[in-house]
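I am attaching a structure below and will ask some questions about it afterwards.
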2 protein chains.
Amino acid sequence: MNIGTAAEQANLPPKTIRYYEEIGLLSPGRAENGYRDYSDKDVHRLRFLQRSRSLGFTIDECRLLLSLYDDKNRASADVKAVALEKVAEIDRKIAELQSLRDTLATLAKHCHGDGRPDCPIIDDLAGEHA
Amino acid sequence: MNIGTAAEQANLPPKTIRYYEEIGLLSPGRAENGYRDYSDKDVHRLRFLQRSRSLGFTIDECRLLLSLYDDKNRASADVKAVALEKVAEIDRKIAELQSLRDTLATLAKHCHGDGRPDCPIIDDLAGEHA
DNA sequence: CTTGACCTTCCAGTTACTGGAAGCCCTATC
DNA sequence: GATAGGGCTTCCAGTAACTGGAAGGTCAAG
């Protein structure tokens with residue numbers, strides 16, 4: 001099938017699919033006219049990528065997951081380890097954002113937010129309390 | 001003062017400071033030998049940037065904040081609006097990450113995580129439930 | 001036969017820096 | 001005076017993961 005159809009089925013833009021091929025994540029065949037020709041297996045792989053990416057795995061992590069996916073004898077523990085490490089990483093990111101959020105919200109709360117020029121947010125950013 | 005000293009005082013790497021200059025966030029003078037020459041005001045500006053960036057504002061948002069900072073007559077409401085929009089954006093990001101986290105954690109929980117090859121995580125990524 | 005959709009490749013741009021090379025400048029030491 | 005070092009300069013390239021656009025080939029429909 002052509003790239004457009006594969007794109008539809010995998011829920012990925014054609015551009016992204018070509019990019020994935022360029023960086024070696026899959027290698028579809030070619031039709032006589034030079035068009036890429038995707039098998040069901042290729043589409044499967046693309047869907048796998050789509051889902052992993054949307055779950056926040058980086059391309060390199062997807063590469064690892066794909067190799068586990070390809071290895072029919074890999075231990076499920078290996079996959080679980082990758083997933084759990086990702087969970088921990090997301091937790092760290094959430095905590096960091098939470099702290100940013102709190103700082104910003106506090107600053108905004110202390111700003112009277114009217115037409116006057118003085119503003120605790122700007123003062124803080126400028127370090128005028130230091 | 002030279003870029004190294006300014007870097008130290010603003011807690012930013014020299015490379016980053018040159019980059020900020022390149023994209024027009026500040027324009028220090030030059031000494032006779034061609035070296036950049038930073039005033040206290042420049043350092044102030046750099047600290048402002050350092051703090052805003054660390055609070056998660058993009059460069060373009062920093063540009064806006066700087067223009068508000070430079071405008072001694074701006075209304076504090078304008079600044080507050082930027083800050084609150086940022087808080088909302090961070091909230092959205094946190095919610096998204098939370099949802100990713102939960103999905104991944106659920107997948108990991110259902111994976112027995114032993115030496116056997118079958119693994120619900122991979123199955124889910126491959127879309128084998130669909 | 002032409003139009004339009006779809007495909008191809010290649011180049012450039014995005015965000016916010018970061019690393020590295022080649023080459024001045026300045027100070028200190030031998 | 002030569003040299004070693006550290007800091008400074010510029011410019012080029014690379015990062016992550018695409019995305020947009022140009023120039024041109026292919027195909028099915030009307």
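The values are calculated or read from the model by the stated rules, or taken from the named source; none is laboratory data. None of the values given here were measured: they were computed from a predicted structure. Here the Cβ is made from the backbone with ideal geometry for all residues, glycine too, and neighbour counts use every protein chain on show. These accessible areas exclude ligands, DNA and RNA; they are computed on the full protein's heavy atoms, side chains included. Shrake-Rupley method; radii C 1.70, N 1.55, O 1.52, S 1.80 Å.
Of all the residues that make up the range A:7-35, how many are away from DNA strand D (no atom under 12 Å from the Cβ) and either open to solvent by 40 Å² or more (accessible area, probe 1.4 Å) or more than 14 Å from chain B (Cβ to nearest Cβ) (or both)?
6
So which residues in the range A:90-116 are assigned to a helix (DSSP H, G or I), more than 30 Å from B:THR103 (Cα to Cα) and more than 7 Å from chain B (Cβ to nearest Cβ), if there are any at all?
Of everything in the range A:90-116, those that are assigned to a helix (DSSP H, G or I), more than 30 Å from B:THR103 (Cα to Cα) and more than 7 Å from chain B (Cβ to nearest Cβ) turn out to be A:THR106, A:LYS109.
Let me ask something else about it. Assuming A:ILE121 fulfils every condition listed in (1) within 7 Å of another protein chain (Cβ to nearest Cβ); (2) closer than 20 Å to A:ARG53 by Cα apart from one, which condition is it?
For A:ILE121, the exception is condition (2).
Inspect all residues belonging to the range A:99-114 and state whether any of them is closer than 23 Å to B:GLY113 by Cβ and at pLDDT below 90.
no
Out of curiosity, is A:ARG47 within 14 Å of DNA strand D (Cβ to nearest atom), surrounded by 15 or more Cβ atoms within 10 Å (Cβ to Cβ) and away from every other protein chain (no Cβ under 12 Å)?
So A:ARG47 fails the test.
State whether the residues of the range A:66-88 include one that is at the interface with another protein chain (Cβ under 7 Å from one of its Cβ atoms), in a loop (DSSP other than H, G, I, E, B) and open to solvent by 40 Å² or more (accessible area, probe 1.4 Å).
Yes; the residues of the range A:66-88 include at least one that is at the interface with another protein chain (Cβ under 7 Å from one of its Cβ atoms), in a loop (DSSP other than H, G, I, E, B) and open to solvent by 40 Å² or more (accessible area, probe 1.4 Å).
I want to confirm something. Restricting to the range A:1-34 and keeping residues that are in a helix (DSSP H, G or I) and among the hydrophobic types (A, V, I, L, M, F, W, C), which single residue is nearest to DNA strand C (Cβ to nearest atom)?
My answer is A:ILE3.
B:SER52 is checked against (1) in the same structural domain as B:GLN9 (by TED's automatic domain parsing); (2) open to solvent by 60 Å² or more (accessible area, probe 1.4 Å) and fails just one. What number does that condition carry?
(2)
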